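Beneath this line is the structure, given in structure tokens, with notes to follow.
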Amino acid sequence: MREYTVKLYPYRWVVLAVFMLINVMVQVLWICYAPVASIAAAAYGVQRADIDLLANLFMLIYIPIAFPAAWAIDTFGFKKAVGFGATLMAVFGLLRAFFPLNYSAALIGTIGISIGQPFLLNAFTKLAAEWFPQKQRATITGVIFLSLFLGIGLGETLGPGMVTHLGFPGMQLAYAIAAAVSTVIFLFFARTKPPTPASPPGEEVRALVFDGLKKILKNRNVYLLSLSLFLGSGIVNGVFTLIDGLGKEKRLTMDQGVLLTALLLLGGIVGSVLIPALSDGIRRRKPIMIVGLFVAVLATIGLALGNGFIFEVIIFFVLGFCVTGFTPVAYQYGAEITFPAPEGTSNGIFALVVQASGLLIVLMDALRGVFNDSYIPSFIGLAILLALSGILLFFLKESPKMLGGKIK
């Protein structure tokens, strides 16, 4: 195969950095009420369930906005579409801060931020394709995923201390200003694409958005991959969301539960960097995804049936490492096997699947009463389903871009 050389611009790291910055902030604005939910409920004069709704709206609104956001990314380009989403984040974040004790303002502000979020989450592979060579794209997608976990971690850990020192209104104002500043930085420094493509001639050309969507929906591999993403993301999100009840079942203290979720998050951070880098290094997607998925199955079973805090420490880290590390590889694989479908469209479909996995949390909550107030049977059932989906991944074809000759 003919070897191509493309020019890579150092400015790509600036674009990556400012994009990660706004992704950090949108996650902070999403999760910021969770660690101070009781305080937020008292400040707004509402029930705890009303505070939980503010977080759940991000998932609910993502579903109808996902495809319009993907269309906008592929039609108007990376900077305009992502900039629009970031501007919504900044404006509605400030709305929440300016009326810090008004629940209606918090609700409207959250809806506005939630509408902006898909314009950020659906652009991961678009940025990688526009600015980085093929051999680095899974790694870059994984690095962008790192920003999501950084945002969640900051929102979870900083909130209580900020409320103590700044008060509940002060916390919201600090986050809103940070989100607004990050948006201004993005709009000033971001660029849609480099002066010359980061791909060999012809590879940068993508199909029309709706033609690409038709191609994606006809691809069997997309459905097989989506099932695994749906189940794996549901397990991890379920652990994050249900850790209080799960911890009581396993006789963990509150501090131990917090530490375990932190390790789940840490595992995700490490996995989102190392696993995609390994995939790029060995130029294979399929075996990386299969191995990661089956180790995640074992970790889920261990989480459900294992005993001993030290054992749980290992299991939580491994689960975060495998599922989160698997996800950016899956995103990049999806972009490669659906070529010439636009990156924003394929990214949008998989991001939608990940968001929709929150439905599994609702199901686990509903089944808890059936299983004598236990989440354990639900996690075992999800592990079995994830294993079955892993078997189906053996029928995937390796990415043609990984099987080709050397690409610079």
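Return yes when Lys7 is surrounded by fewer than 20 Cβ atoms within 10 Å (Cβ to Cβ), among the charged types (D, E, K, R), farther than 18 Å from Phe145 by Cα and not assigned by TED's automatic domain parsing to the domain that holds Leu150 and no when it is not. Yes. Out of the residues in segment 122-142 meeting the condition of being surrounded by fewer than 24 Cβ atoms within 10 Å (Cβ to Cβ) and of a type in the set (D, E, K, R), tell me which one is farthest from Ala330 (Cα to Cα). Checking each candidate, the answer is Glu130. Going through segment 143-190 one residue at a time, which ones are farther than 17 Å from Leu94 by Cα, of a type in the set (Ser, Thr, Tyr) and crowded, with 21+ Cβ neighbours inside 10 Å? Correct list: Ser147 only.
Taking segment 31-44 as the range and being surrounded by fewer than 23 Cβ atoms within 10 Å (Cβ to Cβ) and not polar (S, T, N, Q) as the test, the residues that pass are Ile31, Ala34, Pro35, Val36, Ala37, Ile39, Ala41, Ala42, Ala43, Tyr44.
Of the residues making up segment 364-393, just one is out of contact with any Pro (no Cβ under 8 Å at 6 or more places or on another chain), among the aromatic types (Phe, Trp, Tyr) and more than 18 Å from Leu229 (Cβ to Cβ), namely Tyr375.
The values are calculated or read from the model by the stated rules, or taken from the named source; none is laboratory data. Given the structure is predicted, the values throughout are model-derived calculations rather than measurements. Please note: Cβ atoms are built from the backbone with ideal geometry, for glycine as well, and neighbour counts cover all protein chains shown.
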